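Any read-out appearing in this document is the output of simple, stated calculations on the displayed coordinates, not a laboratory observation. Note that this is a predicted model, so its numbers are computed, not measured. Here the Cβ positions follow ideal geometry from the backbone for every residue, glycine too, while neighbour counts run over all protein chains shown.
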């Protein structure tokens with residue numbers, strides 16, 4: 001059964017209890033604006049397969065002229081080629097690239113002599 005009623009985003013509304021078959025994808029414009037934000041914040045691109053591609057600095061990513069593909073330098077001479085149509089989320093990282101866990105700060109006690 002096909003539904004002809006459209007939601008505000010243009011996608012068909014699903015009947016109650018129906019599981020959607022599509023995933024909300026991030027647009028190339030969202031990636032572009034995140035990349036050129038001032039000040040820049042390190043971020044990761046979450047892909048449809050669940051993997052993450054870290055972008056620690058704007059110089060580590062190059063987007064194609066059409067904006068469909070990006071090349072991200074991941075480690076030294078390694079790089080990832082990303083189809084931006086497969087990006088499901090943009091996740092922001094702390095500057096040092098480590099995940100922040102509240103309440104897990106290391107103690108800085110002085111050693112007794």
| task | Evaluate E = 1/(1 + (r/R0)^6) for residue 77 and residue 30, where r is the Cβ-Cβ distance and R0 equals 22 Å; express this FRET efficiency to the nearest 0.05. | result | 0.15
| By how many nm would the segment from residue 49 to residue 91 grow when fully extended, if each residue of separation counts as 0.36 nm and the alpha-carbon distance is taken off? | 13.6 nm
| remark: Here D for the stretch 28-92, in µm²/s, from Stokes-Einstein with a Kirkwood Rh over Cα pairs at 10 °C and 1.306 mPa s, works out to 135
